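Written below as structure tokens is the structure these notes are about.
Coordinate-derived values only; no laboratory data. Owing to the predicted nature of the structure, the values given are computational and were not obtained by experimental measurement. Glycine gets a Cβ as well: all are built from the backbone with ideal geometry, and neighbour counts include every protein chain shown.
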Amino acid sequence: MKLIGLGNDLIDIRRIERTLERFGDRFINRVYTVVEITKSERRANRAESYAKRFAAKEACSKALGTGIRRGVHWRTMGVVNLPSGKPTMNLIDGAAVRLQELTPPGMVAQIDLTITDEYPLAQAIVMISAIPEEWA
Ligand SMILES: CC(C)(COP(=O)(O)OP(=O)(O)OC[C@H]1O[C@@H](n2cnc3c(N)ncnc32)[C@H](O)[C@@H]1OP(=O)(O)O)[C@@H](O)C(=O)NCCC(=O)NCCS
């Protein structure tokens, strides 16, 4: 296994609360995937859920080494939960292209994500590694 990227982010949940109040669906639809919206809207504390996912996107953009730019935009990185609840990230478009560029030939990328919140903070850590194709 080869480590190809590491990123973290810490966010004040109250910032997301204010943004949700002010911009509502305009913010949600610009930043989040359908999977993230469905999950967060089902939660009692939707601001916490959106904040953790926002931190995950920023952490992922750092692990990709780009930040939120060069085709790596909010909705190109989406948090998905496995049936156990464990989260990972699904990348599309510009973010997927960047991930492919970082992945050595004959290997596949694996994205590990951990998120947490303790009001008023939410945090995410993303680790991107490359593993041999035959391990995947
Ligand atoms: C890197 C990014 C994702 C994080 O910015 P941030 O949340 O404002 O700042 P943070 O304090 O969490 O992180 C900054 C650190 O990230 C690191 N960083 C900067 N660019 C990076 C990159 N391309 N790859 C990896 N890490 C990077 C740096 O170490 C930086 O700290 P330093 O300048 O003191 O060395 C930034 O590129 C970005 O695009 N932010 C988007 C902000 C935005 O558009 N908000 C609008 C809300 S809708």
Worksheet, complete the sentence: Of the convex hull drawn through the C-alpha atoms of the chain, the volume per residue in Å³ is 105
Worksheet item: Tell me which aspartates and glutamates have Cα within less than 12 Å of residue 86's Cα, excluding those fewer than 8 residues away on the same chain?
Response: 112
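Please list 114-126, 49-61 highest first by mean number of surrounding beta-carbon atoms within 10 Å per residue.
Working: 114-126: 17.8, 49-61: 26.0.
Packing proxy ranking, top to bottom: 49-61, 114-126.
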Worksheet item: With contacts defined as alpha carbon pairs under 8 Å and 6 or more residues apart, what's the relative contact order of the chain in percent?
Response: 36
Discussion item. Give the lysines whose C-alpha is closer than 16 Å to that of residue 2, dropping any in the same chain fewer than 8 places away, or say none.
Written reply: none
Discussion item. Show me, bin by bin at 5 Å from 0, the whole-percent P(r) of segment 47-101 based on Cα pairs.
Written reply: 5, 21, 31, 22, 14, 6, 1
Worksheet entry | Residue-averaged [θ]222 nm for the chain, counting only DSSP H segments that reach four residues, each worth -39500 (n - 2.57) | -12000 deg cm²/dmol
